[in-house]
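Input: a single structure, listed below in structure tokens.
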Amino acid sequence: MAADQWSRSAEGWGKRATDIQAWAMPVSQWMLDAVELQPGETVVELAAGPGETGLLAAELVRPGGRVLISDFADEMLDVARARAVEFGADNVEFRRLDLESIDIGAGLVDAALVRWGLMLAADDVAAARELRRILKPGGRLAVAVWDEPEHNPWATIPTLELVERGLIKQPPRRPGMFGLSPEDTLRELLQDAGFTEVRVEGIEIERRQSPDEYLQLTLDLSRPFADFMERADPDLAAEIRKGIDRRLEPYRDVDGAVVLPGRSLVASASA
């Protein structure tokens, strides 16, 4: 997603932050368990979006610890600040940072967290090296990326509908949502950046919602898809909606809801 699209999607991400964290909690919890945070430590969450994982980390480093939540979009940082007020987190700072050129001195951070951001970096190799650089010797890293497209129909169905209609081109693999899958791709990236004790696992995620809720959530979170639908002729937009609904049919439960699987890769490593 381009920088301006990410900024313009912030409103939707803020509106849906509670929904996102509900199905993302297994991933955030794995990441926090992996870095084994202790009171007094310094933690940074990069490409944080609404900052949910960093806000959870803030509780774990009390007393005396602090968390820096960062993103390259000021609008996303505004969402994270609002979430911090809701969480009552007073040991959190916010700063605009570029994942590929992190404005933090070398060896200053005890733990770094990146949930679903590393695969979107224009230069993921540079980003991985920057994460290694800012960590103290023995510092810990936890990242999450998305597994292969076939494991994540919740994310691929709208794009597939547009691609197969010839309305858009297939998005590039890297950088992109699936750019650091399968597991060996993520593992090699971290090892090549100098990390040790690299561990990669998969976590299954399930989203249950009505077809209408699914489509509205996609419009709220995916600015490229929302932009296309807003520009489309009303008749075409209606046909696209019908096409997406047909693609959801294999996932429909007896009560009419759709149960969409997903799979995230999670990794931990030491500096």
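When the residues of segment 21-51 are filtered to those that are free of Cβ contacts under 8 Å to residues at least 60 places away in the same chain and closer than 17 Å to GLY117 by Cα, which remaining residue is surrounded by the most Cβ atoms within 10 Å (Cβ to Cβ)? Among residues in segment 21-51 that are free of Cβ contacts under 8 Å to residues at least 60 places away in the same chain and closer than 17 Å to GLY117 by Cα, the one surrounded by the most Cβ atoms within 10 Å (Cβ to Cβ) is GLY51.
Keeping to segment 121-148, report how many residues are farther than 19 Å from GLU201 by Cβ and not basic (Lys, Arg).
Within segment 121-148, the subset farther than 19 Å from GLU201 by Cβ is 121-127, 129-130, 132-139.
Still in the running and not basic (Lys, Arg): 121-127, 130, 134-135, 137-139.
So the answer is 13.
LEU186 meets each of the listed conditions (1) outside any helix (DSSP H, G or I); (2) at pLDDT 95 or above apart from (1).
Restricting attention to segment 53-75 and to residues that are touching a residue at least 60 places away in the same chain (Cβ under 8 Å) and farther than 17 Å from SER268 by Cα, the residue that is surrounded by the most Cβ atoms within 10 Å (Cβ to Cβ) turns out to be ALA73. Only one of the numbered conditions (1) within 20 Å of the chain's Cα centre (by Cα); (2) surrounded by fewer than 18 Cβ atoms within 10 Å (Cβ to Cβ); (3) of a type outside the set (Ser, Thr, Tyr) is violated by VAL163, and that is (1).
The set of residues in segment 82-106 being in contact with a strand residue (DSSP E or B) (Cβ under 6 Å, 6 or more places away or on another chain) and either farther than 13 Å from GLU45 by Cα or not hydrophobic (A, V, I, L, M, F, W, C) (or both) consists of ALA84, ASN91, GLU93, ARG95.
So which of VAL109, VAL145 is crowded, with 16+ Cβ neighbours inside 10 Å, β-branched (Val, Ile, Thr) and under 18 Å from the mean Cα position of the chain (by Cα)?
Details: VAL109 fails: under 18 Å from the mean Cα position of the chain (by Cα).
Checking each option against the conditions leaves just VAL145.
Of everything in segment 1-42, what is assigned to a loop (DSSP other than H, G, I, E, B), modelled with pLDDT under 85 and not small (Gly, Ala, Ser)? Give them in sequence order.
Restricting attention to segment 1-42, the residues satisfying the condition of being assigned to a loop (DSSP other than H, G, I, E, B) are 1-2, 9, 16, 36-41.
Those left that are additionally modelled with pLDDT under 85: 1-2, 9.
The answer is MET1, and nothing else.
Taking segment 251-271 as the region of interest, how many residues are surrounded by fewer than 19 Cβ atoms within 10 Å (Cβ to Cβ) and either more than 24 Å from GLU150 (Cβ to Cβ) or within 26 Å of the chain's Cα centre (by Cα) (or both)? Full working, then the answer.
Restricting attention to segment 251-271, the residues satisfying the condition of being surrounded by fewer than 19 Cβ atoms within 10 Å (Cβ to Cβ) are 251-257, 259, 261, 263, 270.
From what's left, either more than 24 Å from GLU150 (Cβ to Cβ) or within 26 Å of the chain's Cα centre (by Cα) (or both): 251-252, 254-257, 259, 261, 263, 270.
The qualifying residues number 10.
The values are calculated or read from the model by the stated rules, or taken from the named source; none is laboratory data. All values derive from a computational prediction rather than experimental measurement. Neighbour counts run over all protein chains shown; Cβ positions are idealised from the backbone, glycine included.
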